[in-house]
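First up is the structure itself, then whatever we jot down about it.
The values are calculated or read from the model by the stated rules, or taken from the named source; none is laboratory data. All values derive from a computational prediction rather than experimental measurement. Every residue, glycine as well, gets a Cβ built from its backbone with ideal geometry; the counts of neighbours run over all protein chains shown. Protein only, heavy atoms only, side chains kept; ligands, DNA and RNA dropped before computing areas. Shrake-Rupley method; radii C 1.70, N 1.55, O 1.52, S 1.80 Å.
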Amino acid sequence: METQERMEREINLVDLIWTILFGWKQIICIGIIFAILISGMKFLSDTRSFNAKKNMDIEKEKDDLQKNELEQVQSAKELAIQIDNYQEYLDTATLMQIDPYKKNILELQYYVDSDYIINYTKDYKREYTEDITFMYCTYIKGGEMSKKVLELTGLSIDQKDFRELLTVGQYKATITITITYPEADKLQIIAESMKSLLSQKEEDYQQFGSHKLKLVNEFQNVIIDTSLIDKKYTIMNSITSLNTQLDKLKESMTPKQLYVFDEEITADLGYEIIKVEDTKPSFNIKYMILGAFVGVFLICVLLVCKTIFTIKLQNSEEIRSLFGVRLFGEIGVSMEKRGFLSVIDKMLLRLKNRRKKKLSIEQQIKIISDNIALYCKQRGIECIYMTGSEYENADTNVLNRLKKELSRQNIKVKEGKNISYDVVSLQSCIEVGEILFVEQIGKSIYDEIYNEINLVREQKGNILGVIVLD
């Protein structure tokens, strides 16, 4: 007695891809659900943290910290202060606003011409020229001149800034003054005020020795200042290095330590630029995207696993490959679906079957009926029995059209329920002897198909073939 042996299914990669594409409704739904779920969880977590932080008391939190934890906070504060000082200098210092590759300078060269004469016939007197030259250099570098220059010119900078813009050099009785400023047109104004002040100071310094202060050279130029380039680079490197140290230190700190750090920096020291302000939590689009991605990934994995480990018929070709029986054809029942969403399914179905000729339901039923009728006439069969593992759940409209078309070709059709579970249907099936199975993709179970095929063969029935409804 011949029975149907079980066979292993082969998984087609293309079929897996189409399974995912046809599961677009589930993908969209799960994506939206996970987007809301994950972003909602993040929102709730942020809200709890926000509320907890609002209710914190700085002194109480400090009392709860251990000595080493307080030392960590203090170290972080010191680093933050250094960073802010460097950054403030870089942002506000006038010297730092100058382009070192196009630095405007104005140079003044003075010569101290003293009346000192060496007389070897008289008593020796100490040379005073270099001392007076030094006094001029000290005056130029000092706060008195910088204050008066700022008053005369009306520049909106402080004395500390102005002194950084001056370079004073001395060689014996020669004084070289180099002035720089971001605005080139202001250099001449600064130079004129300095020349005026030095002329006044020349009269005051006569008491230390008779002399004349002569301006021997004055010129304006644009240069590349490598020392200023190095200075800017060093400051920026220091900021980067300190920020790295601060970030590493903050990573090792607890939420309480971070809270104390932020509050003390803001409230006590006033460095609000360092403190990241806490804003009221809101739904973050990044977590929505992440949630949607996770949801889509999981549903795709689920659809693939469902296809691989399924117990239900996946495509019509499995009738031949797994069960070794004739396949009369496939009827696309899903093509008759209506509604907005079914349009997308139909588009995907047309894309999947783009290499197949498009046939209507009536045409498919007509072709299948003709094939069955031809097969029956060749063997003198006048009556057949239609059944299947999910026959009672099949589309009655399609079945009625199929039976009507077979009757038109003088083929008498009887039908029944699943013969594996319905004795009456089994008896009727064996009495007719010629069986036509109707199975459904995604509904008919492999084991049920095995059982009904083996049951017919055990009862000496003849299996005409199978029609598959998609």
The stretch 399-448 - residue that is of a type in the set (V, I, T) and part of a loop (DSSP other than H, G, I, E, B) and, of those, nearest to the chain's Cα centre (by Cα): I441
Counting only residues that are on the phi < 0 side of the Ramachandran plot, open to solvent by less than 40 Å² (accessible area, probe 1.4 Å) and outside any helix (DSSP H, G or I), how many does the stretch 180-217 have? 4
Checking R163 against (1) over 52 Å from the mean Cα position of the chain (by Cα); (2) in a helix (DSSP H, G or I), only one condition comes out false. Which one? (1)
Among (1) open to solvent by 60 Å² or more (accessible area, probe 1.4 Å); (2) at negative phi - the single one K172 does not satisfy: (2)
If I ask for residues that are open to solvent by 10 Å² or more (accessible area, probe 1.4 Å) and in contact with a strand residue (DSSP E or B) (Cβ under 9 Å, 6 or more places away or on another chain), which ones from the stretch 438-447 would you list? Q440, I441, G442, K443, I445, Y446
Which condition from (1) at pLDDT below 80; (2) surrounded by fewer than 18 Cβ atoms within 10 Å (Cβ to Cβ); (3) of a type outside the set (A, V, I, L, M); (4) assigned to a helix (DSSP H, G or I) is the one that K280 breaks? (4)
Identify the residue in the stretch 350-372 that is modelled with pLDDT of 85 or more and more than 17 Å from D395 (Cβ to Cβ) and, among all such residues, is surrounded by the most Cβ atoms within 10 Å (Cβ to Cβ). I372
In the stretch 242-259, which residue that is assigned to a helix (DSSP H, G or I) and exposed (fewer than 14 other Cβ atoms within 10 Å of the Cβ) is modelled with the lowest pLDDT? P255
Condition met for S238 (more than 22 Å from E71 (Cα to Cα) and touching a Pro at 6+ places or on another chain (Cβ under 9 Å)): no
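Could you tell me which of the residues K417, K412 is free of Cβ contacts under 8 Å to residues at least 40 places away in the same chain, within 30 Å of I308 (Cα to Cα) and open to solvent by 40 Å² or more (accessible area, probe 1.4 Å)?
Values: K412 fails: within 30 Å of I308 (Cα to Cα).
So the residue among K417, K412 that is free of Cβ contacts under 8 Å to residues at least 40 places away in the same chain, within 30 Å of I308 (Cα to Cα) and open to solvent by 40 Å² or more (accessible area, probe 1.4 Å) is K417.
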Qualifying residues in the stretch 449-463 (those that are assigned to a helix (DSSP H, G or I) and charged (D, E, K, R)) - the one surrounded by the fewest Cβ atoms within 10 Å (Cβ to Cβ): E458
Give the number of residues within the stretch 322-349 that are at pLDDT below 80 and either open to solvent by 20 Å² or more (accessible area, probe 1.4 Å) or over 40 Å from the mean Cα position of the chain (by Cα) (or both). 17
